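A quick write-up on the structure given underneath.
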Amino acid sequence: MSDNNTTVTKQETLAALKNPGEIYVIMSVVTRVPFVVCDEETYDDEILLYYRKEDAQEKAKQLIEEKYQTAVVKVEEKMLLPFYTSLYTMGVNCLSVNNGTDTQINIQLSDLVVRKSPDQLPEGKKLIENPALHLTAIYFMQEMRRQASPQPTEELKELQEELLAHYTKGTFIIAIQEDGKLPILQQKNGNVFQPVFTDILELQKFSRGKKMKTAVIPAQKIQDVLIPDAKGVVINPLGVNVQLQIARKKPAADA
């Protein structure tokens, strides 16, 4: 009987998530994407959704007490499908609904939104996404920004190593301005980084209102296109905003 009750609850939840009336998500102020937690039992990578604003605010308050910088954001009805679909690009696989309340239930993202597989894409089209890298970057930044003066803890070191490993295997989107130049981002201290994007959604955040072309480039080739003054790359500058120091490849010395 309990299995039947669980099934009904799941079906009811799936229906409610598609037409919730109101739904709220816990956002990370640091990464500017939904806050992600790893379930200690299932190891699902989850976002936190609530039907009631008060419940979401209570959870956000709890996270803030744990030094996580979070906020509550209402997901507008017309944005529901794009919002759910965007979770695939972040490596999220689960939605924790009403987490911490007596009506908590976890729903697998694939049960809610089914995506086309890569082999269903039009010929010549390739989906550029780096969900494993994006997810690791989210966890890394969430943890790092908990500290006023970030210390290299074992957890942060492991996340950084994982981040670099995913980066070296990745293929990224770069933006090209109308004048043919690559955009750069300059820090207050004068250091220059070139933006790279894990997926088209992150590029769109950056290029909004600007006319830009794009190119797709594997990580190994990025150092070939860095400007001489660049200290490295910044991944998703309007999202996780992770800076990686990568040296420009020097021209081969004359024989």
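Placing unit charges on the Cβ atoms of the charged side chains and taking the dipole of the chain about its Cα centre, the candidate lying farthest along the positive direction among I222, N98, A16 is I222.
Computed with every protein chain present, the accessible area of V225 is close to 50 Å² [probe 1.4 Å].
Of E22, E77, E178, the residue with the largest accessible area leads and the full order is E178, E77, E22 (1.4 Å probe). Entry note, the stretch 1-111: relative contact order of 29 percent, from Cα contacts under 8 Å with a spacing of 6+ residues. The accessible-area ordering, largest first, of the residues R52, R208 stands as R208, R52, per a 1.4 angstrom probe. Across the stretch 157-174, rounded Karplus estimates of 3J(HN,Hα) from the backbone phi angles (6.51 cos²θ - 1.76 cosθ + 1.60, θ = phi - 60°) give 4, 5, 5, 5, 5, 5, 4, 5, 5, 5, 4, 5, 8, x, 10, 10, 9, 10 Hz, Gly and Pro being marked x. Evaluated with a Cβ-only charge set (Lys, Arg +1; Asp, Glu -1), the chain carries a dipole of roughly 1460 debye about its Cα centre, given to the nearest 20. The 1.4 Å probe gives accessible areas that order V36, V114, largest first, as V114, V36.
Taking 0.36 nm per residue of separation and subtracting the current Cα-Cα distance, fully stretching the chain between K53 and E41 would add 1.6 nm. Where a ≥ b ≥ c are the square roots of the eigenvalues of the C-alpha gyration tensor, would you call the chain rounded, which needs a/c under 1.5, or, failing that, prolate if a/b is larger than b/c, or oblate? Prolate.
For K53, the lysines whose Cα falls under 22 Å of its own Cα, not counting residues fewer than eight places away in the same chain, are K10, K18, K61, K67, K74, K78. Between the amide H of T153 and any residue lying 5 or more places away or on another chain, no distance stays under 5 Å, with hydrogens modeled in the peptide plane.
By a 1.4 Å probe calculation restricted to protein chains, I200 has an accessible surface near 80 Å², given to the nearest 10. The heavy atoms of S110 present about 70 square angstrom of accessible area, all protein chains included, probe 1.4 Å.
The lysines within cross-link reach of K210, meaning a Cα-to-Cα straight distance under 16 Å and a gap of 8 or more places when in the same chain, are K181. Computed over the chain with a Gaussian network model linking Cα atoms closer than 10 Å, the most mobile of T103, T136, T13 is T103. When the charge dipole of the chain is built from unit charges on Cβ atoms (+1 for Lys and Arg, -1 for Asp and Glu) and taken about the Cα centre, the candidate among N236, L159, V29 whose Cα reaches farthest toward its positive end is N236.
The values are calculated or read from the model by the stated rules, or taken from the named source; none is laboratory data. Because the structure is predicted, anything quoted here is derived from the model rather than measured. FYI the Cβ positions are ideal-geometry reconstructions off the backbone, even for glycines, and counts take in every protein chain you see. Just the protein is used for accessible areas: all its heavy atoms, side chains included, with ligands, DNA and RNA removed. Shrake-Rupley method; radii C 1.70, N 1.55, O 1.52, S 1.80 Å.
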